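Here is the structure we will look at.
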Amino acid sequence: MRAWTPAIVSILGAFALACSGLGGSAPSAEAPASPASPPPAEAGTAHAATTAAPSGLPDLGRDLQRGACENGPGAEGADSYFLGAYTLDGDRVSGWERWQLFANAKWKARGGRDCSIEWRITGRTEGVHKCGSCDLGLRVHGQADVQGSDCPEELVKGHRAPTGEIVGGEAVDFDQVYDVERRPDGTARIYFGKSGKLLGEGYHDAHGIVWRSAHSCRWF
């Protein structure tokens, strides 16, 4: 849950081939999440206590669709989202990004579970990179919270291949640039700064930005 690092690129490449209950795809295909209105306050996510949205902005990790990935090109799988929340303080950026998974029945039967991997975000604002309608650029570093993840260890840290190398670990640090379109009605779109492709949609105010990607299915 990018154009971010080799490991994350492998996830999102698979996402682009997955089914989507919302008619969208994962961030690799840069489809919008289209949160038409702030979601109701109900069940939170695994990191809800430590990754609240900036004050005044809705928590887009609530009321996420699940159960749309029971059948598909793979057996074990999960409903998948990427989410982010950034606080802006002058030219400084801080916050988090999260890959959220809701396990289907077949993955649960083989030891899978609802879980997430999270990255601590630090960075700065700068000029827009590619998006003609955007008014803000971000340059960020994501530090993976390996120990804090509740996903299966192989998904987080990878496994040892016959060659002896560790492959498949998705909790890896990354560097990225984004462009943000902050609209007068309080909605926002966030794009990859290099490709100009849409990553997700959300909301903004004077102090921060929240966004989420479209729903996608992740197959294992």
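The values are calculated or read from the model by the stated rules, or taken from the named source; none is laboratory data. Model, not experiment: these values are computed from the prediction. Because the Cβ atoms are built from the backbone with ideal geometry, glycine has one as well, and the counts that use them run over all protein chains shown.
Summary table
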| quantity | calculated |
| --- | --- |
| Where a residue in the range 88-116 is at positive phi and its partner, wherever it lies, is hydrophobic (A, V, I, L, M, F, W, C) and assigned to a strand (DSSP E or B), with Cβ under 7 Å and at least six apart | 95/85; 95/121 |
| Residue match in the range 139-155 (condition: on the phi > 0 side of the Ramachandran plot and surrounded by fewer than 21 Cβ atoms within 10 Å (Cβ to Cβ)) | no |
| Qualifying position, being out of contact with any Cys (no Cβ under 7 Å at 6 or more places or on another chain) and among the small types (Gly, Ala, Ser), among 77, 84 | 84 |
| Tally, over the range 162-189, of residues that are of a type in the set (Asp, Glu) and over 21 Å from the mean Cα position of the chain (by Cα) | 2 |
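So that you can scan it fast, the table gives a plain yes or no per residue for (1) crowded, with 22+ Cβ neighbours inside 10 Å; (2) within 18 Å of residue 191 (Cα to Cα); (3) among the charged types (D, E, K, R); (4) at pLDDT 95 or above:
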position	(1), (2), (3), (4)
56	no, no, no, no
62	no, no, yes, no
89	no, no, yes, yes
93	yes, yes, no, yes
96	no, yes, no, yes
100	yes, no, no, yes
